[in-house]
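Just so you know, all these numbers are worked out from the coordinates, no wet-lab data involved. If you're wondering where the values come from, they're calculated on a predicted model, not measured in any experiment. A quick note on method: Cβ atoms are made from the backbone with ideal geometry, for glycine too, and the neighbour counts reach across all protein chains shown.
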Amino acid sequence: MINIFQIKPTAFVLCLFSFGESLYTFYVKPFFCLRCKDRVLLGDICYQFYYFACQFAFCCRFHFCYLCCMYCKHSIILAILFSIYTSLASQEIAWKANVRSFFDNYEFSGSALTQSQTMAGVHLAPEIGLKWEKQHRIFAGLDLMREWGSERILDFCDPVIYYEYSGKPFRFYVGNIPRHMILDRYPRMFFSDSILNYRPVVNGIFWEYGQADGTYANVWLDWTGRQTRKTHESFFMGCSGRYNYGAFHLQHLGYMFHFAALKDPETDIPVHDNGLLLTSVGVNMNKRTVFTKLESSLGWVVALERDRGTNVWHTPQGILSETTLGYKWIELSNTYYKGGKQQVFYDTFGNALYWGDPVYRSGEYDRLDMSIHFIKNEVVDIKLTYSLHFAEKNIFHQQALYATFNLSNLCRPDDLKTKKGTQRTP
């Protein structure tokens, strides 16, 4: 951004010259009112300066006068433009561009928890902006999405406009922020896979304190709905954190979702509060074994749900374990939940109130993911996953292919140093 107190010396001299020329012009050259034809008095110089940008000034009778000296006006405009240019010269143009293609096929035929469906599409997210003093950035762009097989040229278009501060140990965002940059640590119980595909932008604020060892703490706000006659007022408030001690860690993830009624509703719908908290302990054996990735955690999860019409709290709770094992380009991960049935009001509001995976409405659920990373580096990440879902005393299947291309890293060769064992084409 432009700081008027950091004007370059050359521009400052030019401004002084223009100011002196302006004084000479106003005091020596005559000005005449276009209405009364009287000469403008020197005592009215303040009016002339005040309305200078509009090319008019007040005369002694408060009539509008045209500024006769066009050269004086042009010289000051040139001085202003030159100072802006020299200030911008100290800043750097920045850009980002990502392409993300997804194919996700759910086979849940016969399930009472969710339905079979196929999600497939491609995102293009170009951004351009300014950065200065290394820590400050402003970006503006679009997240364009087209579903496979759609008759439309474009199915979804989300604006991306945000300010970013990145100065260790803090980072801060405000505006319309790409979701993958700030909320990628939450498990599927909080945000299902489809959220990243169809709600790729967070509208709000994010602040985080982080250390090099992975310890962090953050708070955030996502305003998901402005109240209209067709849209419910809704927003998320969340926080998360993790403390690492050697190979062990303590982690907390949580949010509260506020879901209000429509504007001037035909039927009165009470406000609903949907809170979800997960506190876990775990061990991280990455870089301590022959495996590329080895991490496991066990936590206690509790939901805090309320219908303000009855003011009755519902608190289903249980245990959630997550384990990931990876070796070079192969990865296995398992998620297991045992406890109370989540998403109490799902039959009434469905996905409008709950953004997590609906399979957690089962009292016991297990998911096994088997993945292959065909290519994984700073530019390209292509991942194929086959999943087995164990719920309702049945086995369901899922196949997913995700391909992500970070085009902005093509211009930064130093960032493309792939870690040993993270790139493989089988």
Expressed in nanometres to one decimal, the distance between label points 7 Å along Cα→Cβ at SER321 and ARG188 is 1.8
Loop-only check: which GluC sites (Glu not before Pro) in region 117-210 are DSSP coil with at most 16 other Cβ within 10 angstrom?
GLU133, GLU151
Environment charge at ALA140 (Cβ cut-off 15 Å; Lys +1, Arg +1, Asp -1, Glu -1):
-1
Once MET256 and THR279 are pulled to full extension, the length gained, defined as 0.36 nm per residue separation minus their Cα-Cα distance, is 6.8 nm
